[in-house]
1. If SER52 passes every condition in (1) part of a helix (DSSP H, G or I); (2) out of contact with any Ser or Thr (no Cβ under 9 Å at 6 or more places or on another chain) but one, which one does it miss?
2. What about LEU182, is it over 23 Å from THR79 (Cβ atoms), of a type outside the set (Val, Ile, Thr) and buried (at least 16 other Cβ atoms within 10 Å of the Cβ)?
3. Can you find even one residue in the range 7-25 that is closer than 23 Å to ALA72 by Cβ, out of contact with any His (no Cβ under 6 Å at 6 or more places or on another chain) and at pLDDT 95 or above?
4. Only one residue in ARG296, ARG264, ARG254 is under 30 Å from THR79 (Cα atoms) and either touching a residue at least 60 places away in the same chain (Cβ under 8 Å) or in contact with a helix residue (DSSP H, G or I) (Cβ under 6 Å, 6 or more places away or on another chain) (or both). Which one?
5. For the range 133-159, how many residues are open to solvent by 70 Å² or more (accessible area, probe 1.4 Å) and over 19 Å from GLN61 (Cα atoms)?
6. If you take the residues of the range 99-120 that are under 22 Å from ALA167 (Cβ atoms) and without any contact (Cβ under 8 Å) to a residue 40 or more places away in the chain, which of them is least open to solvent (accessible area, probe 1.4 Å)?
7. Would you please name the residue that is most open to solvent (accessible area, probe 1.4 Å), looking only at residues in the range 230-260 that are in a loop (DSSP other than H, G, I, E, B) and among the polar types (S, T, N, Q)?
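The values are calculated or read from the model by the stated rules, or taken from the named source; none is laboratory data. Worth saying up front: this structure is predicted, and the values here are computed from it rather than measured. So basically every Cβ, Gly included, is an ideal-geometry build from the backbone, and we count neighbours across all protein chains shown. To get the accessible areas, we keep the full protein, side chains included, count just its heavy atoms, and leave off ligands, DNA and RNA. Shrake-Rupley method; radii C 1.70, N 1.55, O 1.52, S 1.80 Å.
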Amino acid sequence: MSLKTLLMPAISQRMLSRERLLKLRERVERSRIASDQRHQVHYFHQVDDPYSALLAACLPQLRLRYDIDLVAHVVGPPTDDAAPERAKLIAYSRRDAQLLAQHHALKFVDPQAQSAPQAVDRATALLVAAIGQGCFVEVAGKVSDNLWQSAEQLMNGAHGGSTLQPANNTAVRAHLAEAGELRKRLGHYLGATLFYGGEWYWGIDRLYHLEQRLQDLGAQRSGVSGLMFPPSKDLLAPVQLAKPPLIEFFFSLRSPYSAIVTPRLFELSRLTGARVRLRFVLPMVMRGLPVPGAKRSYISQDVAREAFFRGIPFGRVNDPVGRPTERGLSLIPFAESRGKGQAYLLSIQRGIWAEGIDLGSDSGLRHVVERADLSWSEARLALQDEAWRKTAEDNRAELFSLGLWGVPSFGVGEVAIWGQDRLWVVEEALGL
């Protein structure tokens, strides 16, 4: 057992604890009050990003609801190491943004292609100029809408401010460089992101965390209650489905998002009778795809907030990268053959992400195996079977054929969706 394996659970438990987060928030607020500053929210907008288009349209309402200063920045796309499957990400983002828009009664229709570079450049120049003139919040939604739905009008001068003229190339380049460096220094890599008091919030999906924080601080304006985009509620009671469809569940043992959605998915399966097929894949890093430090850091903090909200234990982590993951995956077919696939997956994910168990050790793996009511002596024999490797590769190929590449992902009939925060799409595909 390495020193890292010994120390990681204790360190992660402290770093990801709710108590530490709340203390950091208290410290930030004391500092703000002491320096007589207003609540300042930074917004990073990527012009050709559909999620940025959705969030930009909501900024006026956000500013109406809260006594905040919104500081806007226009940034470029993430670097290659943060977007290893860029073409798939771009195509998927448009489809997913359209789903989000329909779900939340917003305006975005997937045009089936990215906007022309000239239109993106025009929108960028307009938005940089808007920042300089202090009217970004007022015009960003309109400029984005024109870019995605009527680029010709944008090129012909249509935008959200009648007197707004595009910034020149020198000003645009300087702004993008400065904004990109600020985003990097503050610790993120994506557009459609909000930064407030040491924390990041991505897109309209995480806006509720920021709203709850601002409301806890009393920053909401008079009469404001509720949330702009409340998170979906899980099914609580059984529902009779005539012919429950199969749910294909693509996951990785190294994905914390997979871990926090698994118990919710299995409960949905129990309540509806829809069977879940376990489709495990190797983690990205074990498939040669890099995960930069800023991405790892944000994901950890984001999962901790999401897990807390859903009441799912999380935070005492023992990274299973490498041989521990291989050992854990090799026993999934064995567990399924004994009718214990779900119990085993729940046990092993809890061990990795909430208990800091080392799957590389026999004692650790034995604990999660026996907790799932499986025989350790039989499991030790199953560890010698390498057939799981082909299954993992077949699952990866199937995932890619759906236009997806990351986990957790779900397939229900013709519907293919990615993300632990898209369980509502699975429910809709089930006919709920």
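1. Among (1) part of a helix (DSSP H, G or I); (2) out of contact with any Ser or Thr (no Cβ under 9 Å at 6 or more places or on another chain), the lone unmet condition for SER52 is (2).
2. So LEU182 does not fit the description; no.
3. Checking the range 7-25: not a single residue is closer than 23 Å to ALA72 by Cβ, out of contact with any His (no Cβ under 6 Å at 6 or more places or on another chain) and at pLDDT 95 or above.
4. Working: ARG296 fails: either touching a residue at least 60 places away in the same chain (Cβ under 8 Å) or in contact with a helix residue (DSSP H, G or I) (Cβ under 6 Å, 6 or more places away or on another chain) (or both); ARG264 fails: under 30 Å from THR79 (Cα atoms).
Residue meeting the stated conditions: ARG254.
5. So in the range 133-159, the residues open to solvent by 70 Å² or more (accessible area, probe 1.4 Å) come out as 133, 138, 142, 149, 152-153, 155-156.
Checking the rest, the ones that are also over 19 Å from GLN61 (Cα atoms) come to 133, 149, 152-153, 155-156.
The number of residues fulfilling the criteria is 6.
6. ALA119
7. Checking each candidate, the answer is GLN240.
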